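Throughout, read-outs are computed from the coordinates displayed, never taken from laboratory work. Predicted model only: the values in this text are computed from it and were never measured. Positions of Cβ are backbone-derived with ideal geometry, glycine not excepted, and every protein chain shown enters the neighbour counts.
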Amino acid sequence: MTDPSHSITPSAAVAAPHWSRWVAGGLALVLGGLAAWHVWSPTARSERAQRMAAELGAELFDRPLSAAELDTPLQLHPQAKTAQGDTATLRQLLTGHDAVLVHHWASWCPPCLEELPEIAALAQSAHGRNCQVLAVSYDDDWAAADATLRKVLGQSVQPMGLWVRDPQGQGGDEAKMLRLRMGTEKLPETWVVADGRVRARFVAGQRWTSAKMMRWLAAQCPGSR
């Protein structure tokens, strides 16, 4: 007689390999999910964007914006003013965007004029993503900035991006200028602000429409709003 304790039914013999395959498959899915999360997690994306920015020559930072920077008032374009008035703080203008590219320029800055078409194209590329281009003019009034925008870009009111003016203009109180509070002494410069922190600075004019820049923008601004 066969000892029941040593008998194996056909169904049990077949079931064991099936269960092992299910366990192995489940483990592979878990490990694959963890690997994908590591690659596409916000931290990993931020680190990748930082590496790409450095390769493009940007200075890297990781500091919070100061209260002085955040509370700097900026003048909205006359055609963009709201019911609350014609000024808004940097803090208000950052709201609702995971990343904002703060660009400092002026009509009296020749390199700025050369870069303006690239900045307008950058604003277009960032549209629909979680990024915003905030172009801050240091002209003494909107008339000078508008004349330059019309001459270089064909119209004073740009369809993409947010174009504002620092009320201190060119020769106002330097202690109150946003560019100097951020650390910009020469124009043009562009700062990358993400999640309330300064992450990078691009010094001087850039070719924002280059393939490398577009890849960086996709890494910095990966999704839709």
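Structure above, values below:
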{"item": "³J(HN,Hα) computed for each position of segment 188-196 - Karplus, 6.51 cos²θ - 1.76 cosθ + 1.60, integer Hz, glycine/proline x", "result": "x, 8, 10, 9, 9, 10, 9, 6, x"}
{"item": "Overall form of segment 58-220 per C-alpha gyration tensor (a/c, 1.5; a/b vs b/c)", "result": "rounded"}
{"item": "Residues Met160 and Asp195, FRET efficiency given R0 of 22 Å [Cβ-Cβ distance, rounded to 0.05]", "result": "0.50"}
{"item": "Karplus-derived 3J(HN,Hα), 6.51/-1.76/1.60, for each residue of segment 114-126, Hz, glycine and proline x", "result": "5, 8, 3, x, 5, 5, 4, 5, 4, 4, 5, 5, 6"}
{"item": "Distance in nm between pseudo-label sites at Ala44 and Gln79 (7 Å out along the Cβ direction from Cα)", "result": "4.4 nm"}
{"item": "For segment 164-225, convex hull volume per residue from C-alpha positions, Å³", "result": "122 Å³"}
{"item": "Mean shadow area of segment 110-162 over all directions, Cα convex hull, nm²", "result": "3.5 nm²"}
